[in-house]
Every structure is written in structure tokens, then in C-alpha cells.
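Below is one structure, written out as C-alpha cells, with a few remarks after it.
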Amino acid sequence: MSAVKAVGGRVALDRKPILHGVDLAVAVGSIVGLLGPNGAGKSTLLRAIAGILPHQGEIQVEGRHVARLGAKQRARLIAYVPQQPQLPGDMTVAEYVLLGRTPHLGYLGVESRTDRAVADSWLPVNQYIGG
């Protein structure tokens, strides 16, 4: 199974076709670089894969059709960090990574030691500060 798969992916913004005929398969555990000039549709493709933009064609993540997932299911499966995030100036990288645990918390939930350990495992230094 592919981690990410697209067949005939298409995205239009303001009725203008941005992506058309995108086919890809990314193997589990792969590291992939997405290269191209400004305006080529790199961010648009990532936003479509993340389910942030409506698309046509088939886009799957871990065998699940992105368009059929609810917001919480999608957030548990896909992490997307925008190029220009809107963050408080004093937020640390560790705190930002910990935000990825939000869809795994209950309503008004607070991060547990397990959540901090999971976030810590994704940090290069593997050292969570603040918990």
C-alpha cells in the first residue's frame, strides 16, 4: 500500500485549473522532495492531499480517500504545516509540534505525558521543553 496515492488529481482555484492529471504513489517510509518553480502548484498539491482544497480525481492517504474523511479523521491521519503559519511569536517549536496531538485529545482535553512523548519523538533533538 502507498502512504500517499493520487490518480488523475485535479485542482482549480477560482475556476482556473492549477493542477491536472496528477498521478503519484509515495511508499510508506519514503522521504520525498517536491520541486518546481514558484506558481507551479506544489503547495496546492499538498493542500489537496491534506484535504484543505477541494479536488477531483482520487487522492488517498494510507488507503483512505481524503475527500471521504471527516475533519477529525483527516487531522489524525495528516499533518500539514503551511509555509507561512500564523503563530504567536513566543510559541516554541516543541509547542508547535505538540499541536499535532490536538485531534487525539477529547473535547477541552489537555495533553498527557503520552502526547508529549509522541511529539518529542518527532523533534530532531528528541527533547521536549515545557513539560
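For the chain, give the percent of accessible area contributed by carbon and sulfur heavy atoms, probe 1.4 Å, rounded to a whole number.
54
Please compute the length gained on full extension between Tyr107 and Gln83, using 0.36 nm multiplied by the number of residues separating them and subtracting their Cα-Cα distance.
Roughly 5.8 nm would be gained on extension.
In the Gaussian network model of the chain, springs joining C-alpha atoms below 10 Å, which of Gly89, Gly63, Gly39 carries the largest mean-square fluctuation?
Among Gly89, Gly63, Gly39, the largest GNM mean-square fluctuation belongs to Gly89.
Under a 10 Å cutoff between Cα atoms, tell me which one of Ile78, Ile31, Ile18 has the largest fluctuation in the Gaussian network model of the chain.
Among Ile78, Ile31, Ile18, the largest GNM mean-square fluctuation belongs to Ile31.
Report the semi-axes of the equivalent ellipsoid for the chain in whole Å, largest first, where each axis is √(5λ) for an eigenvalue λ of the Cα gyration tensor.
29, 17, 15
Helix 113-122 against the longest principal axis of the chain: what's the angle in degrees, Cα atoms only, rounded to the nearest 10?
50
Could you pull the accessible area for Thr92 with a 1.4 Å probe, rounded to 10 Å²?
60
Rank Asp120, Asp115, Asp23 by accessible area, highest first, at a 1.4 Å probe radius?
Asp23, Asp120, Asp115
Per residue, how much accessible area does the chain show when a 1.4 Å probe rolls over the protein heavy atoms, in square angstrom?
Roughly 72 Å² per residue, with all protein chains present.
What 222 nm value per residue comes from the helices of the chain, counting each DSSP H run with n ≥ 4 as -39,500 (n - 2.57) and dividing by all residues, nearest 500 deg cm²/dmol?
Helices in the chain give a 222 nm mean residue ellipticity of -6000 deg cm²/dmol.
So how much accessible area does Tyr80 have, in Å² to the nearest 10, using a 1.4 Å probe?
70
At 0.36 nm per residue, minus the direct Cα-Cα distance, what do Ala3 and Ala67 gain on full extension? Give it in nm, one decimal, please.
21.5 nm
Leaving ligands, DNA and RNA out of it, rank Val66, Val7 by accessible area with a 1.4 Å probe, largest first.
Val7, Val66
Among Ser43, Ser121, what's the order by accessible area (1.4 angstrom probe), most exposed first?
Ser121, Ser43
Would you work out the relative contact order for the stretch 1-69, in percent, from Cα pairs under 8 angstrom that are 6 or more residues apart?
It rounds to 41 percent for the stretch 1-69.
The values are calculated or read from the model by the stated rules, or taken from the named source; none is laboratory data. Keep in mind it's a predicted model, so treat the numbers as computed, not measured. When the accessible area is computed, the model is the full protein with side chains, heavy atoms only, and any ligands, DNA or RNA have been set aside. Shrake-Rupley method; radii C 1.70, N 1.55, O 1.52, S 1.80 Å.
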